[in-house]
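Reading through the structure tokens given below for one structure.
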Amino acid sequence: MSIARSPIIRLCVLVLGLIIAFDPFAADLIVSGQDGKFVRVEGKATFPEPAPPDSLVVIDASRFPPVVTRTLEGLEHTVQGPPEAVAVTPDGKLAIVGAPTRYDYAAKKELFDTFLQIIDIESSPPRLLAKVDVGAHPNGLSINREARSCLLQLTTARSRCCRSRGRTSSRSSK
């Protein structure tokens, strides 16, 4: 199989194209998912108990230096998710958060969940609107300009497209 026909290469080119096309329409907001349960101590992964909650931070980047304007605690996120695991809709009203995890202290392992979290970031404080099951752990995502579709990269090495239904979403294809 040639590189040009590789599904992974084609997906990377598609995602890069979406990012380039999306950039001029982005609001001056940044969202950052914070993992409260994971702490690296002397090079080792630790999961302190009790752990502070995972959170989403909304940052206003229209000024310098950027300012944290809102925080939502209690969602699920992981430090192991790439920066592409969170995104803001072009109108700056919603955040989509992937890479949901939680830690099972009895089994001593991190559990990877299979849903997206839709967050209203206009509210103060931001609030969770919905959790949408996508069938596998969503590790990367990109929202189209109209905020009607979200392309997901799953840890199963598959992609999925979700379609918006107003302020919620639904899985539409595999």
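The values are calculated or read from the model by the stated rules, or taken from the named source; none is laboratory data. As the structure is a prediction and not an experimental result, all values here were calculated from the model. Here the Cβ is made from the backbone with ideal geometry for all residues, glycine too, and neighbour counts use every protein chain on show.
The requirement of being part of a loop (DSSP other than H, G, I, E, B), basic (K, R) and either surrounded by 13 or more Cβ atoms within 10 Å (Cβ to Cβ) or on the phi < 0 side of the Ramachandran plot (or both) is not satisfied by R70.
Could we say that I30 is within 17 Å of Q117 (Cα to Cα) and in contact with a Cys (Cβ under 7 Å, 6 or more places away or on another chain) here? Walk me through it before giving the result.
Details: within 17 Å of Q117 (Cα to Cα): yes; in contact with a Cys (Cβ under 7 Å, 6 or more places away or on another chain): no.
It is false that I30 is within 17 Å of Q117 (Cα to Cα) and in contact with a Cys (Cβ under 7 Å, 6 or more places away or on another chain).
Within the stretch 107-124, not a single residue is in contact with a strand residue (DSSP E or B) (Cβ under 9 Å, 6 or more places away or on another chain), among the small types (G, A, S) and either crowded, with 22+ Cβ neighbours inside 10 Å or part of a strand (DSSP E or B) (or both).
Results for (1) in contact with a Gly (Cβ under 6 Å, 6 or more places away or on another chain); (2) more than 24 Å from L111 (Cα to Cα); (3) of a type in the set (V, I, T), shown as yes or no for each residue.
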| site | (1), (2), (3) |
| --- | --- |
| S32 | no, no, no |
| K44 | no, no, no |
| P50 | no, no, no |
| V58 | no, yes, yes |
| S62 | no, yes, no |
| V67 | no, yes, yes |
| L72 | no, no, no |
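Of everything in the stretch 108-123, what is over 16 Å from the mean Cα position of the chain (by Cα) and within 22 Å of T156 (Cβ to Cβ)? Give them in sequence order. Within the stretch 108-123, K109, E110, L111 qualify. Of S6, S32, S62, all but one fail to be among the polar types (S, T, N, Q), closer than 24 Å to T155 by Cβ and at pLDDT 60 or above; the exception is S32.
The residues in the stretch 83-106 that are crowded, with 16+ Cβ neighbours inside 10 Å and either aliphatic (A, V, I, L, M) or touching a His at 6+ places or on another chain (Cβ under 6 Å) (or both) can be counted, and the count is 9.
Select from the stretch 93-104 the residues that are of a type outside the set (D, E, K, R) and at pLDDT below 90 and write down the one among them that is farthest from L129 (Cα to Cα).
Y103
Restricting the stretch 125-151 to residues that are charged (D, E, K, R) and part of a strand (DSSP E or B) leaves a set whose member that is surrounded by the most Cβ atoms within 10 Å (Cβ to Cβ) is K131.
Per this entry, A130 is counted among residues that are modelled with pLDDT of 85 or more and among the aliphatic types (A, V, I, L, M).
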